[in-house]
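Student: I have a structure I would like to understand better, so I am pasting it below and will then ask my questions one at a time.
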Amino acid sequence: MARRYAQLQILIEEFRPRVIVEIGAWKGKRALEMAEAAFRAAGDSYYELHYKGYDLFDTASVESDAEELNVKAHHTRDAVASTLEAFAREHPGFTFELIEGNTRETLAPQAVDFAFIDGGHSVETIRSDLDRLRDSRVILLDDWYALDDRGAGPDLEVYGCNRVLEGVPHEVLPVRDPIHGGGLVQMALIAPPLSRRARMKLAMLKTRTALRGPRPAPATPAAP
Ligand SMILES: C[S@@+](CC[C@H](N)C(=O)[O-])C[C@H]1O[C@@H](n2cnc3c(N)ncnc32)[C@H](O)[C@@H]1O
């Protein structure tokens with residue numbers, strides 16, 4: 001499993017968002033992890049969290065996979081809704097919306113507490129997603145690419161958020177995963193300064209990850 005997503009939970013605990021937007025809801029796995037982290041951080045207090053998940057869902061096609069460098073299987077909106085409904089039954093403060101379609105058409109400009117941009121991998125789509133969410137308090141982007149030690153990696157003129165973030169103050173988070181086909185993938189953060197506690201947690205995670213040694217690239221195509 002990719003290791004960098006553990007950083008997402010540290011950030012959710014840090015910022016305790018009430019509204020999360022995820023671009024690229026996929027099968028709802030990350031939505032559950034983020035919601036669990038938020039409710040865990042709230043302890044016994046009543047907590048309200050609204051999740052908005054955007055994805056192509058049933059409208060995905062071979063063409064959109066190629067355009068967005070998508071290698072993951074697709075899930076229906078209904079299947080993801082059932083997963084999140086089960087979570088909502090156990091957590092009364094949890095509500096959600098799932099929006100189907102291409103975010104270049106479906107995503108309205110909005111400012112939310114926490115935006116996680118992890119949908120289409122093309123520079124064009126990431127630029128459009130970030131532009132519409134730019135006034136959000138915290139923005140986390142997946143798909144910041146680096147070359148591996150063989151000098152391989154995705155074409156940054158076509159894929160990833162590197163080009164989109166040029167001129168935008170951000171920080172690249174430390175944990176990196178290998179990409180099938182070559183290269184490394186990290187996350188980039190646009191946010192208010194982190195607390196000392198969150199910084200320590202990120203540093204500890206980085207150390208633990210380094211101690212476990214380099215993770216082999218997935219044998220079958222996995223998420224860049
Ligand atoms: C890498 S997966 C998301 C993984 C998920 N965020 C997670 O952490 O488990 C990318 C998702 O984005 C969706 N996607 C790709 N291009 C999109 C677009 N232009 N608009 C909306 N969704 C898109 C794909 O259908 C896919 O489910």
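Nothing in this text is a laboratory measurement; each read-out follows from the coordinates by a stated rule. Remember, it's a predicted structure, so these values are computed and weren't measured experimentally. Here the Cβ positions follow ideal geometry from the backbone for every residue, glycine too, while neighbour counts run over all protein chains shown.
Student: Can you give the extra length, in nm with one decimal, that the chain gains between residue 63 and residue 171 once fully stretched, where that is 0.36 nm per residue apart less the Cα-Cα distance?
Tutor: Length gained between residue 63 and residue 171: 35.6 nm.
Student: Please work out whether region 41-127 counts as rounded, prolate or oblate from its C-alpha gyration tensor, where a ≥ b ≥ c are the square roots of the eigenvalues and a/c under 1.5 means rounded, while otherwise a/b larger than b/c means prolate and anything else oblate?
Tutor: Since a/c reaches 1.5 and a/b is larger than b/c, the shape of region 41-127 is classed as prolate.
Student: Rounded, prolate or oblate: which fits region 6-211, taking a ≥ b ≥ c as square roots of the Cα gyration tensor eigenvalues, rounded meaning a/c under 1.5, else prolate when a/b beats b/c? List each step's numbers first, then the result.
Tutor: Details: a/c = 1.59, a/b = 1.12, b/c = 1.41.
Oblate is the answer for region 6-211, as a/c is 1.5 or above yet b/c matches or exceeds a/b.
Student: Say each of residue 76 and residue 41 gets a label point 7 Å from the Cα, pointing the same way as Cα to Cβ; how far apart are those two points in nm?
Tutor: Taking the simple label geometry, residue 76 and residue 41 are separated by 3.4 nm.
Student: Could you list the residues of region 172-208 with an amide nitrogen less than 16 Å from a label point located 7 Å from the Cα of residue 3 in the Cα-to-C-beta direction?
Tutor: So the set is 173-180, 183-187, 201-208.
Student: At 222 nm, what helix-only mean residue ellipticity would the chain give, in deg cm²/dmol to the nearest 500, using -39500 (n - 2.57) for each DSSP H run of four or more?
Tutor: Rounded to the nearest 500, the figure is -10000 deg cm²/dmol.
Student: May I have the count of lysine pairs in region 6-211 with C-alpha atoms under 15 Å apart, counting pairs 8 or more residues apart or located on different chains?
Tutor: Values: 27/52; 27/72; 29/52; 29/72.
Number of lysine pairs found: 4.
Student: Stretch residue 18-residue 137 to full length: gain in nm at 0.36 nm per residue minus the Cα-Cα span? Don't skip to the answer; put the middle values down first.
Tutor: On the way: separation 119, 0.36 × 119 = 42.84 nm, distance 1.13 nm.
Result for the pair: 41.7 nm of gain on full extension.
Student: Arrange the peptides 10-20, 57-67, 98-108 so that the one whose residues have, on average, the most other Cβ atoms within 10 Å appears first.
Tutor: Ranked by mean Cβ neighbours within 10 Å, highest first: 10-20, 98-108, 57-67.
Student: Could you order peptides 79-91, 118-130 by the average number of other Cβ atoms within 10 Å of their residues, highest first?
Tutor: Output ranking for 79-91, 118-130: 118-130, 79-91.
Student: Please compute the contact order of the chain in relative form: average sequence separation of alpha-carbon pairs under 8 Å and at least six residues apart, divided by the residue count, as a percent. If you can, show how the numbers build up before the last one.
Tutor: Numbers: 408 pairs, mean separation 46.0, N = 224.
It rounds to 21 percent for the chain.
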